[in-house]
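Undergrad: Attaching a single structure in structure tokens format; questions to follow.
The values are calculated or read from the model by the stated rules, or taken from the named source; none is laboratory data. A quick note: this is a predicted structure, and the numbers were derived from the prediction, not measured. Here the Cβ positions follow ideal geometry from the backbone for every residue, glycine too, while neighbour counts run over all protein chains shown.
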């Protein structure tokens with residue numbers, strides 16, 4: 001859908017800015033509610049993520065000893081900024097991105113990685129052992145899923161013949177759903193998205209029962225709230241990207257809700273099915289299976305063209 | 001654990017005293033090199049409440065309730081061990097119906113404890129779904145226990161000389177219904193544990209302990225039985241009604257975490273069988289015999305099989321209304337050595353599952369006193385230690 | 001080797017009602033044997049004080065108003081009680097029981113945790129004589145001898 005919104009509105013209100021923040025909380029709620037229903041529980045009420053964020057923003061922020069204060073306070077902001085900026089280039093809410101340019105697929109993917117990078121740096125910044133180990137694992141995981149994920153997203157780009165997300169979106173709207181024609185790529189992309197968002201079973205960097213909260217252990221109050229919001233927005237952006245590429249494009253807000261909602265259902269099911277993978281198992285899986293599948297998909301595409 | 005080594009730069013990850021992996025406080029210092037564990041030490045004592053001393057100031061009837069609250073999950077076996085010991089000292093035998101009811105509640109407790117452990121171990125491995133489902137099914141047993149005994153934990157089933165309540169037909173039906181519901185679910189969990197790819201990846205060949213190691217480290221309970229050591233007090237020296245309702249010892253040979261899962265789940269099947277058998281053949285009779293308030297002097301040892309292993313009670317009476325000495329040695333205390341011995345070489349991510357694998361009950365095992373004196377070494381008698389304790393608090 | 005062995009469970013749960021009890025909006029009836037609040041029948045009490053002796057938590061106090069006429073008042077500390085029912089078993093006269101209906105015993109003040117059982121006039125007589133605050137050790141003067 002192509003709507004002409006004044007740039008400031010598009011940036012701050014809809015479909016960027018405020019819409020992103022609120023939709024992020026809605027998607028976090030939906031994710032937690034679905035996982036709870038899969039586990040035969042009730043799950044949180046609709047305002048739980050909003051209440052969490054409001055409470056955290058109001059709490060005292062404790063700065064541990066020995067950290068670099070600039071990094072400590074700045075990294076959550078960088079993470080959030082990265083994801084908010086990445087949202088400008090995807091067809092958020094089914095509306096064609098107003099800021100898109102050629103090659104913005106690469107930029108978006110790097111902006112999405114900014115979240116993981118800043119979490120890793122945040123963990124390495126402190127003297128806390130749990131954070132150091134968590135940062136170690138976060139960056140290791142980044143190196144393992146990034147390549148297959150990128151390649152899986154390149155599949156639709158090759159099919160559409162463009163590096164611009166809006167054009168891939170337009171291509172997807174006009175052709176067979178790519179989940180049917182590139183199923184392997186879809187699988188790798190979906191699992192890669194779960195790795196990027198550090199959802200179970202890839203939540204080794206912040207394994208609650210092993211390293212408390214990983215890189216986030218020392219964060220409280222505002223910094224923690226910003227990381228959480230960043231993670232919610234990243235969930236939203238990731239789902240939008242996947243739906244736009246593989247599920248036939250996002251033509252209007254209804255399609256946006258249905259397709260991203262359906263993807264969220266599948267993601268929530270995958271979250272509840274598996275035991276947490278150890279970091280060496282994650283790396284082994286990606287570098288043995290993930291990358292081979294992604295490469296196979298790409299070769300298939302190149303030969304079929 | 002107290003050697004002087006030259007100061008090396010070691011990276012020590014402290015698990016505990018407060019840590020999401022531990023349900024109760026305990027301090028583990030895991031020395032890691034990257035992700036590989038190179039050494040592990042444990043320090044306990046955070047839940048020491050002075051129960052053994054407190055028991056000396058209460059009379060025999062009151063003491064049972066203190067001892068019952070040493071642990072919430074295995075409270076009944078503590079009370080049973082104590083009651084059996086006191087009955088041995090007093091020279092009375094609880095009637096057969098009472099012994100059978102004691103065994104019934106003990107087996108129900110074993111079911112609830114193993115299901116609890118299944119959930120907790122799954123949670124330590126990040127498998128929250130199995131945690132939620134096993135605890136949901138455990139609620140059936142909790143409801144049955146509440147209907148039978150009056151409380152979900154701390155059943156307060158024993159009195160000195162017997163039990164407090166009877167099992168009538170409605171109760172028996174409720175228990176049978178619960179067991180009938182749980183048996184197919186337990187089969188399902190056995191299948192999940194042995195076939196789910198991700199769970200196997202976390203449990204197979206992790207924490208492998210050979211038969212010899214298990215024997216040497218002195219492990220007890222399902223931890224030892226998973227390595228093939230056939231040690232089960234219910235079979236080796238049956239107590240209460242176990243001579244009439246015998247149990248089979250379940251062992252496995254692999255000795256890894258998966259074997260521990262399998263042994264505990266298969267023990268559930270044995271428990272279901274014994275529960276049904278007791279309900280079918282409950283002997284008639286009284287519920288309790290009278291035990292006088294003053295127990296004749298003597299010493300006795302009473303051992304029972306808690307869900308975690310061998311529970312050992314030493315009771316000493318001086319003929320008065322209060323116990324003279326009660327010494328409790330809980331099974332978790334024997335199993336810590338196996339965690340520390342098997343941890344090096346594994347990844348840090350395996351450590352919470354290794355700790356959970358022995359089914360630790362920290363509240364149970366804070367009975368140990370370590371006195372480190374580098375200057376002199378002397379042996380104290382029990383009387384001298386007790387005098388020291390009394391004067392310390394004066 | 002199966003991937004996702006619990007798939008059956010989670011897909012069924014999506015269409016089932018959650019198993020959580022929505023307390024306090026839904027309250028299940030407590031089983032009959034639940035050991036809730038203590039109940040005391042003063043008519044059956046003989047003042048032998050075995051319950052006082054056997055309580056592991058020193059939660060029961062029996063105060064004698066008149067031993068010959070069998071008038072007793074029991075002061076019971078709900079906050080000390082461990083709900084073990086030893087007193088119920090120890091009593092040879094069936095004067096004690098544990099209610100299964102009163103088990104929501106949380107309160108916002110300490111006064112609610114000190115319950116007195118007995119005949120009204122006995123309780124009043126004792127309270128007039130007792131010189132202390134509830135919760136502290138009572139100072140009860142010796143009961144006057146009656147004819």
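Undergrad: Given the condition in contact (Cβ under 8 Å) with a residue 24 or more places away in the chain and under 30 Å from residue B:36 (Cβ atoms), answer yes or no: does some residue in segment A:260-269 qualify?
TA: Within segment A:260-269, not a single residue is in contact (Cβ under 8 Å) with a residue 24 or more places away in the chain and under 30 Å from residue B:36 (Cβ atoms).
Undergrad: (1) modelled with pLDDT of 90 or more; (2) out of contact with any helix residue (DSSP H, G or I) (no Cβ under 6 Å at 6 or more places or on another chain): which one isn't true of residue A:95, the others all being true?
TA: Here residue A:95 clears every test but (1).
Undergrad: Could you look through segment C:86-98, keep only residues that are buried (at least 17 other Cβ atoms within 10 Å of the Cβ) and out of contact with any helix residue (DSSP H, G or I) (no Cβ under 7 Å at 6 or more places or on another chain), and pick out the one that is farthest from residue B:151 (Cα to Cα)?
TA: C:95
Undergrad: How many of the residues in segment A:115-129 are buried (at least 21 other Cβ atoms within 10 Å of the Cβ) and more than 20 Å from residue A:69 (Cβ to Cβ)?
TA: Summing the residues that are buried (at least 21 other Cβ atoms within 10 Å of the Cβ) and more than 20 Å from residue A:69 (Cβ to Cβ) in segment A:115-129 gives 2.
Undergrad: Right, something else. With out of contact with any strand residue (DSSP E or B) (no Cβ under 7 Å at 6 or more places or on another chain), without any contact (Cβ under 8 Å) to a residue 24 or more places away in the chain and buried (at least 20 other Cβ atoms within 10 Å of the Cβ) as the only criterion, which of A:243, A:294 stands out?
TA: A:243
Undergrad: Kindly indicate whether any position in segment C:15-36 is more than 14 Å from chain B (Cβ to nearest Cβ), without any contact (Cβ under 8 Å) to a residue 60 or more places away in the chain and closer than 30 Å to residue A:266 by Cα.
TA: yes
Undergrad: Confirm whether residue B:152 is free of Cβ contacts under 8 Å to residues at least 12 places away in the same chain, facing another protein chain (nearest Cβ under 10 Å) and closer than 24 Å to residue B:240 by Cβ.
TA: yes
Undergrad: Let me ask something else about it. Does residue C:96 satisfy the condition of being modelled with pLDDT of 90 or more and away from chain B (no Cβ under 14 Å)?
TA: no
Undergrad: Sticking with this structure for a sec: Could you look through segment A:271-280, keep only residues that are assigned to a helix (DSSP H, G or I) and crowded, with 18+ Cβ neighbours inside 10 Å, and pick out the one that is farthest from the other protein chains (Cβ to nearest Cβ)?
TA: The extreme case among them is A:271.
Undergrad: Only one of these is within 14 Å of chain A (Cβ to nearest Cβ), crowded, with 24+ Cβ neighbours inside 10 Å, modelled with pLDDT of 70 or more and not in a loop (DSSP other than H, G, I, E, B): B:356, B:349. Name it.
TA: The match here is B:349.
Undergrad: How many of the residues making up segment C:1-43 are more than 25 Å from residue B:194 (Cα to Cα), assigned to a loop (DSSP other than H, G, I, E, B) and touching a strand residue (DSSP E or B) at 6+ places or on another chain (Cβ under 9 Å)?
TA: 7
Undergrad: For segment C:52-85, give me the residue count where each residue is within 9 Å of another protein chain (Cβ to nearest Cβ), surrounded by fewer than 20 Cβ atoms within 10 Å (Cβ to Cβ) and more than 13 Å from the chain's Cα centre (by Cα).
TA: Within segment C:52-85, residues that are within 9 Å of another protein chain (Cβ to nearest Cβ), surrounded by fewer than 20 Cβ atoms within 10 Å (Cβ to Cβ) and more than 13 Å from the chain's Cα centre (by Cα) number 1.
Undergrad: With B:290, B:374, B:367, B:308 as the choices, which residue is within 16 Å of residue B:64 (Cβ to Cβ) and either surrounded by 23 or more Cβ atoms within 10 Å (Cβ to Cβ) or at pLDDT below 90 (or both)?
TA: None of the others qualify; the one that does is B:290.
Undergrad: Scan segment A:32-42 for residues that are facing another protein chain (nearest Cβ under 8 Å) and without any contact (Cβ under 8 Å) to a residue 24 or more places away in the chain and report the count.
TA: The qualifying residues number 5.
Undergrad: Find the helices (runs of 4 or more DSSP H) located wholly in segment B:184-282 whose residues include 3 or more that are within 14 Å of another protein chain (Cβ to nearest Cβ), in contact (Cβ under 8 Å) with a residue 12 or more places away in the chain and crowded, with 19+ Cβ neighbours inside 10 Å, and list them.
TA: The qualifying helices (runs of 4 or more DSSP H) are B:197-203, B:257-280.
Undergrad: Then there's this: Just checking, which of A:223, A:261, A:284 is surrounded by fewer than 18 Cβ atoms within 10 Å (Cβ to Cβ), modelled with pLDDT of 90 or more and over 15 Å from the mean Cα position of the chain (by Cα)?
TA: Of the residues listed, the single one that is surrounded by fewer than 18 Cβ atoms within 10 Å (Cβ to Cβ), modelled with pLDDT of 90 or more and over 15 Å from the mean Cα position of the chain (by Cα) is A:284.
Undergrad: Among the residues of segment B:163-183 satisfying the criterion of being within 10 Å of chain C (Cβ to nearest Cβ) and not in a loop (DSSP other than H, G, I, E, B), which is nearest to the chain's Cα centre (by Cα)?
TA: My answer is B:163.
Undergrad: So, one more: With buried (at least 16 other Cβ atoms within 10 Å of the Cβ), within 14 Å of chain C (Cβ to nearest Cβ) and in contact with a helix residue (DSSP H, G or I) (Cβ under 9 Å, 6 or more places away or on another chain) as the only criterion, which of B:78, B:19 stands out?
TA: Of the residues listed, the single one that is buried (at least 16 other Cβ atoms within 10 Å of the Cβ), within 14 Å of chain C (Cβ to nearest Cβ) and in contact with a helix residue (DSSP H, G or I) (Cβ under 9 Å, 6 or more places away or on another chain) is B:78.
Undergrad: Right, something else. In segment B:46-63, is there at least one residue being in contact (Cβ under 8 Å) with a residue 60 or more places away in the chain, under 25 Å from residue B:344 (Cα atoms), surrounded by fewer than 22 Cβ atoms within 10 Å (Cβ to Cβ) and more than 14 Å from chain A (Cβ to nearest Cβ)?
TA: Yes; the residues of segment B:46-63 include at least one that is in contact (Cβ under 8 Å) with a residue 60 or more places away in the chain, under 25 Å from residue B:344 (Cα atoms), surrounded by fewer than 22 Cβ atoms within 10 Å (Cβ to Cβ) and more than 14 Å from chain A (Cβ to nearest Cβ).
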